[in-house]
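Reviewing the structure listed below.
The values are calculated or read from the model by the stated rules, or taken from the named source; none is laboratory data. Only a predicted model underlies this, so the values are computations on that prediction, with no experimental measurement involved. Don't worry about glycine lacking a Cβ; one is built from the backbone with ideal geometry, like all the others, and counts go over all protein chains shown.
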Amino acid sequence: MSAAPLRALVLAGGRSTRMGRDKAALEYGGQSQLERAVALLQAVVDAVHVSVRADQADDPLRARFHRIVDRGDVQGPIAGIRAAQSQHPDAAWLVVACDLPHLNEATLRELIARRDPAKTATAYRSSHDGLPEPLCAIWEPDSASLLQRFIDGGRNCPRKFLINSDTLLLDQPNPEALDNVNTPDELAAARERLAGAKAAPRPLRVQYFALLREQAGTREEQIQTSATTPAELYRELAARHRFTLEPSMLKVAVNAQFRDWTQPLAANDTVVFIPPVAGG
C-alpha cells in the first residue's frame, strides 16, 4: 500500500487552564514551546501547520506560522485533528502537542520510519500506562471518517479513539520524550531537567565563506560539539574564532538546505554560515 503524503500539525489551541498562562509561549532557553515544536517538525516533514482556535488566529506568536483554525463545534485536541483532516483530506498527519519539551528529532524519525499506512494510525505507547499517545502520532487519511463518526457520537477523547481503532503501537525510543507540562510545577521541573542536560558531543562539518573564512583561517573544519542548533554552534565558533559578524547578518544552511537558526543538529551534518556576500 502506498503511503499518503505526510503533513505535520502542532496542536496549540489549548486554553492552558492548569498552567494559568499560554503554554505555547512558555520558553526554554529563550525559545517558545511552539517555536521549538515547529522547528523539530520542519526537520522531518516539509509542510508544518499550527492548530489554533478562532480567537487565537491573530495571536502574534501563532500568526508567524501557517494556521489551521478549529471549527468550534467540538473542543480539545480532537478539534485540531479533525480541522486538519478536513483541510487536507488526502494527507496523513503527524500530530504533535506543543507542550512536549523533551521531544526530540530521533523520536519523530522513528515514528515516521515505522509508520504503517495500512493502519488507522501509528502511535507510541505511553511509558507510564502503555496506552496510545495520540499527541505524537501519525493519523492516516482513512481515520478521518471514523473520527467524524466518533465525534458525532458525542465523544472527543483522541486516546479513546486510538484505543478502539486499528492502531499500530510502538515503544518509545526515549521514555521521557512525550512527558508534557500542564502546571507551573511541571514547568519548573522541565526547565531544571533541561538546564542540567548536556547533549553528547557529536561530529559536524562546518564550512565558511568570505569574511568568516578569513577569520577562521580555513575553508572548512570537522569538529566535535554539544551544540544542538546552528544558533548554539555559531556562538561556540564565534568565541573560538573571534567572528565579528552577528547572526542576524548571516544565513545558515544545513546539509545544503537553508534552515532556521533553531534547526536541530544531528551527527555528521554539514553546516554552512553564509555572510551577506559569499565569495572569494
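Structural remarks
- Hits in segment 237-259 (condition: surrounded by fewer than 16 Cβ atoms within 10 Å (Cβ to Cβ) and either in contact (Cβ under 8 Å) with a residue 60 or more places away in the chain or closer than 28 Å to V45 by Cα (or both)): P247, S248, M249, K251, N255, A256, Q257, F258
- Considering residues of segment 195-236 that are closer than 22 Å to Y28 by Cβ, of a type in the set (A, V, I, L, M, F, W, C) and in contact with a strand residue (DSSP E or B) (Cβ under 9 Å, 6 or more places away or on another chain) only, the residue surrounded by the most Cβ atoms within 10 Å (Cβ to Cβ): L233
This table checks each residue for (1) surrounded by fewer than 18 Cβ atoms within 10 Å (Cβ to Cβ); (2) over 24 Å from R36 (Cβ atoms); (3) among the charged types (D, E, K, R); (4) touching a Gly at 6+ places or on another chain (Cβ under 6 Å).
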residue: Q75; (1), (2), (3), (4): yes, yes, no, no
residue: A84; (1), (2), (3), (4): no, no, no, no
residue: V95; (1), (2), (3), (4): no, no, no, no
residue: D99; (1), (2), (3), (4): no, no, yes, no
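- In the set (1) within 16 Å of T262 (Cα to Cα); (2) buried (at least 22 other Cβ atoms within 10 Å of the Cβ); (3) among the small types (G, A, S), the condition left unmet by S51 is number (1).
- In the set D179, D185, only one residue is closer than 22 Å to A43 by Cβ and assigned by TED's automatic domain parsing to the domain that holds L103; that residue is D179.
- Taking the criterion of being at pLDDT below 90 and at positive phi, the residues of segment 17-59 that qualify are G29, G30.
- Tally, over segment 132-156, of residues that are in contact with a Phe, Trp or Tyr (Cβ under 9 Å, 6 or more places away or on another chain), assigned to a loop (DSSP other than H, G, I, E, B) and either exposed (fewer than 15 other Cβ atoms within 10 Å of the Cβ) or touching a residue at least 60 places away in the same chain (Cβ under 8 Å) (or both): 3
- All positions within segment 48-94 that are part of a strand (DSSP E or B) and touching a Lys or Arg at 6+ places or on another chain (Cβ under 9 Å): V48, H49, V50, S51, V52, V69, A92, W93, L94
Okay, residues lined up against (1) in contact with a helix residue (DSSP H, G or I) (Cβ under 6 Å, 6 or more places away or on another chain); (2) closer than 18 Å to L135 by Cα; (3) outside the structural domain of A83 (by TED's automatic domain parsing):
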{"residue": "V10", "(1), (2), (3)": "yes, yes, no"}
{"residue": "G14", "(1), (2), (3)": "no, yes, no"}
{"residue": "G20", "(1), (2), (3)": "no, no, no"}
{"residue": "A25", "(1), (2), (3)": "no, no, no"}
{"residue": "Y28", "(1), (2), (3)": "yes, no, no"}
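- Pairing residues of segment 13-24 that are part of a loop (DSSP other than H, G, I, E, B) with residues that are among the hydroxyl-bearing types (S, T, Y), at Cβ distances under 6 Å and at least 6 apart in sequence or on separate chains, gives G13/S51; R18/T183; D22/S16.
- If you go through segment 25-44 and keep only what is in contact (Cβ under 8 Å) with a residue 60 or more places away in the chain, closer than 13 Å to R64 by Cβ and touching a strand residue (DSSP E or B) at 6+ places or on another chain (Cβ under 6 Å), you end up with A37, Q42.
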